[in-house]
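The values are calculated or read from the model by the stated rules, or taken from the named source; none is laboratory data. All values reported here derive from a predicted model rather than from experimental measurement. Cβ placement follows ideal geometry from the backbone for every residue including glycine, while neighbour counts extend to all protein chains displayed. To get the accessible areas, we keep the full protein, side chains included, count just its heavy atoms, and leave off ligands, DNA and RNA. Shrake-Rupley method; radii C 1.70, N 1.55, O 1.52, S 1.80 Å.
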There are 2 protein chains.
Amino acid sequence: MPLPIKISEETFTPRQQAVLTAALDLLVENGDGLTMTAVARRASCSKETLYKWFGDRDGLLTATVQWQAAKVRMPHVDRSHLSAKVLRESLEQFARDLLTTIIGEVSITLNRTAITHAAQEKDSLGNIVLENGPMAIRRRLKPILEAARDARLLRFNSSEDAYRIFFGLVVRDVQIRLLLGDKSLTQSNVEANIEADVKAATDQFLALYGAKANT
Amino acid sequence: MPLPIKISEETFTPRQQAVLTAALDLLVENGDGLTMTAVARRASCSKETLYKWFGDRDGLLTATVQWQAAKVRMPHVDRSHLSAKVLRESLEQFARDLLTTIIGEVSITLNRTAITHAAQEKDSLGNIVLENGPMAIRRRLKPILEAARDARLLRFNSSEDAYRIFFGLVVRDVQIRLLLGDKSLTQSNVEANIEADVKAATDQFLALYGAKANT
DNA sequence: CCGCAGGCGTACCGTACGGTACGGTTCCGC
DNA sequence: GCGGAACCGTACCGTACGGTACGCCTGCGG
């Protein structure tokens with residue numbers, strides 16, 4: 001069954017959402033070793049119900065990832081009156097949201113699960129994570145960048161390139177190291193530096209793409 | 001059995017290396033669905049031999065990853081006579097090596113395998129990949145950056161920060177998208193842009209950290 | 001020529017887990 | 001009150017796969 005593009009509140013009943021919550025919790029706890037029996041026990045439902053609702057294990061996994069990924073909400077920036085100050089604050093907000101998201105356990109788990117699935121020719125989970133992660137940010141950020149260019153606040157040829165550089169400046173090696181389980185990069189460790197990193201990334205992005213030396 | 005830190009030629013006999021090659025091929029082909037029976041058949045050896053040599057499935061996986069990861073050799077840059085030109089070429093070489101590595105199927109497979117393992121509280125594979133990937137680059141790059149700072153070619157406070165920014169400028173969202181199986185990012189697609197990306201990343205890094213407007 | 005170590009192929013075992021079947025219970029419409 | 005739908009709990013089935021055992025062959029030292 002092809003999943004709907006948009007996940008809304010009514011897509012899953014409250015009971016189903018409780019099941020998905022249980023599945024997500026188990027995913028975070030036990031990694032990809034998610035068994036249908038464990039989900040059924042945790043959610044106090046029968047396996048038969050799981051199969052009835054979600055088809056098979058992949059369906060449950062997909063529903064879980066999609067449901068959780070859709071929870072991530074991006075801040076909406078009013079691009080009608082952009083100033084250097086507003087632009088900077090918007091960029092900082094994006095950087096902050098991006099960083100706080102990728103260092104969260106839920107994000108790490110979802111990305112790991114999707115990557116594991118992508119290793120088996122199943123790209124559906126990967127597409128969902130991509131669509132609700134990097135691509136969602138890109139959709140939000142690019143119009144702002146282009147509006148800033150129109151307002152002579154930024155200068156670049158390709159907004160696509162500019163977005164990707166921003167992504168790189170913010171994420172750097174943090175995500176891959178967390179995904180690989182780098183112990184020297186504890187969550188609290190990164191968390192403490194978020195504000196400094198956000199500011200640094202924004203400064204650097206503006207240094208590269210700012211129309212002049214606009215702080 | 002704790003694995004040796006350093007993998008040399010003599011660590012594995014030729015026959016064992018043939019087995020590891022078979023395992024790696026299967027890993028690239030079938031993702032993490034690697035079975036001992038498949039390896040034994042592909043390598044024309046018995047399962048009993050596999051267990052004798054590598055202990056268990058994890059041991060075989062670890063040996064495969066470690067053996068392959070150790071194959072990646074970094075270019076050695078002579079940092080005794082650094083000029084702006086030599087520095088730029090060195091940076092471009094690092095960027096080129098980094099990009100060509102991460103877009104390769106072997107690297108994608110190894111990273112996916114290690115991430116899958118990290119999702120199960122097994123961090124050994126992740127550590128190996130980290131150690132031979134990002135950390136190896138860091139070890140090579142940081143001395144060069146520091147030498148360049150001493151030669152007044154670069155200006156920065158923390159060479160750690162500088163390295164991580166360089167990593168971000170080069171990798172951007174390429175690696176995570178490939179790991180997630182993004183179809184719109186074909187290998188040939190990225191490959192065609194490598195030289196442009198290498199140059200762009202180097203330019204941007206020098207724009208941020210160059211002592212002056214040194215092209 | 002003999003014995004034996006190393007290794008191949010295969011058969012085998014145990015278990016974990018995806019998926020199904022079924023009896024029992026609750027709840028809702030009629 | 002009654003029939004049925006939804007759902008829980010659990011027992012069950014089939015299979016895939018990790019790991020082991022064993023028979024056989026080959027090569028080699030003595």
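List of remarks:
- Angle in degrees between helix B:105-118 and the longest Cα principal axis of chain B, rounded to the nearest 10: 70 degrees
- Annotation: amide H of B:Gln120 has no partner in the under-5 Å range at sequence separation 5 or more or interchain, hydrogens built in the peptide plane.
- Cα-based shape type of the protein assembly as shown, given that a ≥ b ≥ c are square roots of the gyration tensor eigenvalues and the cut on a/c is 1.5: oblate
- Treating each Cα of the stretch B:144-215 as an identical point scatterer and summing with the Debye formula, the log10 of I(q)/I(0) at q = 0.17, 0.22 Å⁻¹ comes to -0.70, -0.94.
- Between 0 and 90 degrees, the angle of helix A:194-209 with respect to the longest Cα principal axis of chain A falls at about 50 degrees.
- Taken residue by residue and averaged, Cβ atoms of other chains lying within 10 Å of the Cβ of A:161-172 number 6.
- Probe 1.4 Å, accessible area per residue of chain B, Å²: 47 Å²
- Peptide A:22-34 is shielded by partner chain Cβ atoms: per residue, an average of 2 of them sit within 10 Å of its Cβ.
- Counts of other chain beta carbons within 10 angstrom of each beta carbon in peptide B:132-139 average 2.
- Of the residues B:His76, B:His117, B:His81, the one with the largest accessible area comes first in the ranking B:His76, B:His81, B:His117, computed with a 1.4 Å probe on protein heavy atoms.
- Take A:Ala200, move 7 Å from Cα toward the beta carbon, and the resulting point lies 2.3 nm from the same point in each other copy, nearest first.
- For the stretch A:84-209: rounded, prolate or oblate by the Cα gyration tensor [a/c cutoff 1.5]: oblate
- Carbon and sulfur %, accessible surface of the stretch A:34-182 computed with the full protein complex present, 1.4 Å: 48 percent
- Sorting B:Asp150, A:Asp123, A:Asp56 by solvent-accessible area of protein heavy atoms yields B:Asp150, A:Asp56, A:Asp123, largest first, with a 1.4 Å probe.
- Projecting the Cα atoms of A:Thr21, A:Ala40, A:Trp67 onto the charge dipole of the stretch A:9-69 (Cβ charges, centred on the Cα centre) puts A:Ala40 farthest toward the positive pole.
- Ranked from shortest, the separations from the 7 Å Cα-to-Cβ label point of B:His81 to its equivalents in the other copies are 6.1 nm.
- Three-way shape call for the stretch A:9-69 based on the alpha-carbon gyration tensor, with the a/c threshold at 1.5: rounded
- The angle between the Cα long axis of helix A:57-69 and the main principal axis of chain A comes to about 30°, on a 0 to 90 degree scale.
- Buried accessible area, chains B and A (both chains, 1.4 Å probe, Å² to nearest 100): 3600 Å²
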